[in-house]
Each structure stands twice: as C-alpha cells, then as structure tokens.
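K.L.:
Shown below is the structure under consideration.
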Amino acid sequence: MQQPVKTYTVEEAKRKLEAYCAYQDRCHKEVAQKLRDMRMIPEAIDVVIGHLLEHNFLNEERFAKAFARGKFRHKSWGRVRITRELKQRGISAYNLKTALLEIEDEEYDRVFNTLSRKRYEQLSSETDKYRKRKKLADYLTYRGWEGDLVYEKVKELVP
C-alpha cells in the first residue's frame, strides 16, 4: 500500500526551507530542487525563494565563498575543480570570481606542495618512473590543480 504524498502550504514550505538554509549555506539550484521534491508548484517556488532571499537565508555570494573555502581547506581541491563545481551549481561569474579570492596564493602554493609531496611518497612502491609520473599527475589533476603547476611539480619530483 502506498503512503499518501505529504503536501505543504507556502507558509510550511517557507519554515521548512528556512531551517534547511540556516543549517548550511545553499545555492539557488539546491533550494529550487528541494522545493520541487516537496511537490511545490512553480509560482510557490518563486514566492518561497523570494522570501528566503529577502530574509537573507539564501545568499549565493556567501554560499560560493563558504564552498570555495571549505573545499580548499578540507578536501585540498584546486581552483579548477572548485570553479567547475560552482559552475555546475549555477553560480554567476561574479560570485565565482569573488569566491576564488577567498583562497590566498601563499596558502594555495603551500597546500599544493604538501599534497603533491604526500602523494609522491605514497607512490614509493611504483618502480616505473613514467607510471609514477602519470599517477601523480592524474591525482593532482583530478583534485583540480592547474595543469602547468601539476606538470612542473611532476617533473621536479620524478626526474
């Protein structure tokens, strides 16, 4: 037997989404998807998103900055991957640029050097220098570090 589908009034949806956005910064795309999952009609979605924006529960610039800082500091993602992920979430070019300014160049270089050395040491059992180079380059590229940085570091670490 199927359970009845829960329906929400606009006021209930506002309260639920206020809590959803207060828990963690969200982008417009996530909020709109959540409202569609709640089976809200497009007009109601616009009303709820307008309410969240007006009361500062939803702020894409704040989301983009927090996302960039968090992914860089906790997952050691490079600017390329952060940019790609923010674009997937529909973040504007202005907010994307602002978010990337949250990452300081000195810290960026330090994290890149630490991450590449750590991965190089993990590859110590690899005897073929070309496979070692490829594995190191693939790892750093996947994490979103710029190609020129990656290939310079690979040449430096695996002569």
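K.L.:
Considering Cα pairs under 8 angstrom that are at least six residues apart, work out the relative contact order of the chain and quote it in whole percent.
P.N.:
Relative contact order comes out at 21 percent.
K.L.:
Using a Gaussian network model of the chain with C-alpha springs under 10 Å, which one of Ser92, Ser116, Ser124 is most mobile by mean-square fluctuation?
P.N.:
So, out of Ser92, Ser116, Ser124, the one fluctuating most is Ser124.
K.L.:
Does segment 10-54 classify as rounded, prolate or oblate by the C-alpha gyration tensor (a ≥ b ≥ c root eigenvalues; a/c under 1.5 gives rounded; else a/b over b/c gives prolate, otherwise oblate)?
P.N.:
Here segment 10-54 falls in the rounded category.
K.L.:
Which whole-number percentage describes the relative contact order of segment 34-100, with Cα contacts under 8 Å and a sequence gap of 6 or more?
P.N.:
Here the relative contact order equals 35 percent.
K.L.:
What pairs from Lys34/Lys65; Lys65/Lys135; Lys71/Lys135 go past 28 Å between their alpha carbons?
P.N.:
Lys65/Lys135
K.L.:
What list of ³J(HN,Hα) couplings, whole Hz, do you get for segment 124-136 from phi and the Karplus terms 6.51, -1.76, 1.60, once you set θ to phi - 60° and write x for glycine and proline?
P.N.:
4, 6, 6, 8, 6, 5, 6, 5, 5, 4, 5, 5, 5
K.L.:
Here is a further query. Can you pull the percent of Cα pairs in the chain with separation above 29 Å?
P.N.:
Percent of Cα pairs beyond 29 Å in the chain: 39.
K.L.:
Mind jotting down the distance between the C-alpha centroids of segment 101-159 and segment 39-86, whole Å?
P.N.:
About 29 Å separates the Cα centre of segment 39-86 from the one of segment 101-159.
Each reported figure results from applying straightforward, stated rules to the coordinates on display, with no laboratory input. Quick caveat: nothing in here was measured; it's all calculated off a predicted structure.
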